[in-house]
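The structure appears below as structure tokens.
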Amino acid sequence: MLSVVFAKLIAGPLVIGATSLAGQRWGQQMAGVLAGLPSLALLIIGIIWLEQGATFTRDVIEYAPIGLFANTTYILLLAFASRFFKTSGTILLALLGYVVMAIVLVHCSAQQIPYSGIYSILFLAIAYKIIPRQNQLQAKSTLPKIELFLRMALAAALILVLSLAAPSVGASYSGFPVASLILPAFTLALQGRSALLHQLRGFVLGLIGFAVCFLLWPLGISDWGFAALIPALLAAVCCTASLHLIAQRRTLESQHA
């Protein structure tokens, strides 16, 4: 599994860097959208497929949407705790909520619940609805190079720690999405809660695409194998892109109302 760790150490910081630059150019909501999509997860799953085989990988794929419940809980706590706490307190409270939800999911064997993938999409839709909406488009921001490199370095360090901890605590508790920790923390600390809320709503849209991808992929995996990813990923991207465009249009309409 060393190749999985090396892939994470290379791809993870690159994803963080790319999404950070996207936030600088197109606003924090776009950064969240890109970070929420399963770009890094698909790379890791591809390597696991090659190393562990189709049977093991199929189990990983089927469990993936369940983790979205913990991720969504984390995002909701970030959105509302940031109103009352500073960055450190907000992140710690959200992390606690993530861990508690992950423990509950594992002990309840949530992956065996029928239609759990659909429920995760519904949960994400509810989360998007209740995260406070910002009526103004997020302005472009300047991202110093030192901050960009710091984000990427922290991503590599966190990935390494999580990978080393996985054998001890179990993969179910060590799969925390690094982007959801690093990007919101920097955004809240440096740009404030309004930018954070833009980003979190983008995260939710991206995670809806994530859920769609991992909901559709298993349906064709028995017949087409890894190639079943292609239509599933296209559906995920189209879904997230459409939702993002609708969100942007509604924001523009609210500005002109």
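Site pair I10 and I103 shows an inter-label distance of 3.8 nm when each label is modelled 7 Å from Cα along Cα→Cβ. Here the 3J(HN,Hα) profile of the range 149-159, calculated from phi with Karplus coefficients 6.51, -1.76 and 1.60 at θ = phi - 60°, is 5, 5, 4, 5, 5, 5, 4, 4, 5, 5, 4 Hz, Gly and Pro shown as x.
Multiplying the residue separation of I246 and V161 by 0.36 nm and subtracting their alpha-carbon distance yields 26.8 nm.
No value in this document is a laboratory result; all are computed from the given coordinates. Predicted model only: the values in this text are computed from it and were never measured. Here Cβ is always computed from backbone atoms with ideal geometry, including for glycine, and neighbour counts include all displayed protein chains.
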